[in-house]
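Derivation of every value follows stated rules applied to the coordinates shown; laboratory data play no part. Note that this is a predicted model, so its numbers are computed, not measured. When we count neighbours, we look across all protein chains shown, and the Cβ atoms used for this are built from the backbone with ideal geometry, even at glycine.
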Amino acid sequence: MDNPTLSAIADPMGAAIYDYHKNGCAATLVVRSSMFDDDEIPVADLFRDFSQMPPLERTALQMAGGRILDVGAGSGCHSLALKNMGKEAQAIDISPLSVAVMKDRGVDASQVNFYDPDFSERYDTVLMLMNGTGIIGTLDNIGEFFARLKDLLKPGGCVLIDSSDLRYLFEEEDGSLMIDLADDYYGQLDYQMQYKDVVGEPFDWLYLDFNTLAYYAEENGFKAELVAEGEHYDYLARLIPA
Ligand code: SAH
């Protein structure tokens with residue numbers, strides 16, 4: 001494997017993925033947000049295989065076809081599962097260490113930012129999993145998100161994307177919602193990750209309920225279909241150019 005540990009970019013999640021791949025274990029990957037107490041991402045979960053994936057992810061992999069792009073692929077778990085199914089997947093991620101690990105695991109991976117207009121290949125399926133709407137960042141950016149998807153899809157292609165409705169974080173016992181309508185949309189979170197002494201830049205990460213996703217899809221020339229719902233306010237959607 002290349003030695004990208006000298007990379008200048010602070011890449012905490014990539015560092016965790018790199019350690020786990022190399023040693024079979026990793027230290028704690030911490031996630032901070034101004035919205036809640038420090039949390040932890042179990043690094044082993046990023047290496048889940050098909051049998052360990054939640055049903056919504058398995059459905060997405062079964063539906064994916066043709067030339068597939070795995071966006072924000074992390075350790076490459078979905079691309080590898082697709083490869084095992086005899087499907088043709090390419091992976092992109094901004095994390096240099098994750099891309100190095102994916103290549104070492106036999107994934108066709110490149111270090112590419114989803115929003116880079118120079119990345120101009122086209123796909124039958126664009127896969128965005130483990131809160132795929134996160135990459136939108138903030139609702140202000142949603143037009144650019146759909147514009148990029150339009151560029152990346154072949155005629156007849158579709159996007160398979162999952163997210164969750166974070167309303168349960170704001171629900172009172174009587175079922176009413178404690179949401180200030182003057183605030184930003186309630187699924188808009190700020191995150192920062194840390195792994196050992198590697199502290200990443202803070203970033204925006206968007207959770208979108210299906211109705212809001214469907215509303216903006218229509219505004220931006222797409223149709224959103226609800227494919228399946230999970231057990232905890234989560235869902236898988238298919239986006240098709242209208
Ligand atoms: N899909 C993987 C990883 C999800 S974590 C899984 O389900 O396990 C989100 C991933 O998206 C991280 O690896 C992060 O580096 C990547 N990412 C974030 N913003 C991105 C962007 N603009 N372009 C490409 N990848 C991005």
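Tabulated values for the structure
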quantity	calculated
Partners for Lys87 among lysines (Cα-Cα distance below 30 Å; same-chain residues under 8 apart left out)	Lys22, Lys103, Lys150, Lys154, Lys223
Nonlocal amide H pairs with Ser75, under 5 Å, H built at 1.01 Å	none
Asn84/Val199 FRET efficiency (R0 35 Å; Cβ-Cβ; nearest 0.05)	0.50
For the chain, built as a Gaussian network whose Cα springs stay under 10 Å, the top-fluctuating residue of Leu61, Leu206, Leu181	Leu181
Cut-off under 5 Å, modelled amide H: who pairs with Val126 long-range	Leu69, Cys158, Val159, Leu160
Extension gain, Glu219 back to Ile179 (0.36 nm per residue minus Cα-Cα distance, nm)	12.0 nm
Protection proxy ranking, peptides 29-41, 214-226, 65-77, average beta carbon neighbours within 10 Å, highest first	65-77, 214-226, 29-41
Fully extended contour minus Cα-Cα distance, from Asp104 to Glu171, at 0.36 nm per residue	19.7 nm
10 °C / 1.306 mPa s Stokes-Einstein diffusion coefficient of the range 66-139, Kirkwood radius on C-alpha pairs, µm²/s	128
Antiparallel DSSP beta bridges within the range 87-242, as percent of all bridges there, nearest 5	70
Signed unit charges on C-beta, dipole axis of the range 62-170, positive-most listed residue Ser95, Met85, Ile68	Met85
Trypsin sites (Lys or Arg not before Pro) lying in DSSP loop within the range 108-162, provided at most 16 other Cβ fall within 10 Å	Arg122
Kirkwood hydrodynamic radius (C-alpha pairs) into Stokes-Einstein, the range 1-107, 25 °C and 0.890 mPa s, D in µm²/s	167
Percent of Cα pairs exceeding the 26 Å cut-off, where the set is the range 54-211	32
Net charge of Cβ neighbours under 13 Å - reference Lys196; Lys, Arg +1; Asp, Glu -1	-3
Selection from Gly143, Leu166, Ala44 lying farthest towards where the dipole of the chain points positive, charges on Cβ	Ala44
Gain on full stretching of the segment that runs from Thr28 to Asp190 - 0.36 nm per residue minus C-alpha separation	56.4 nm
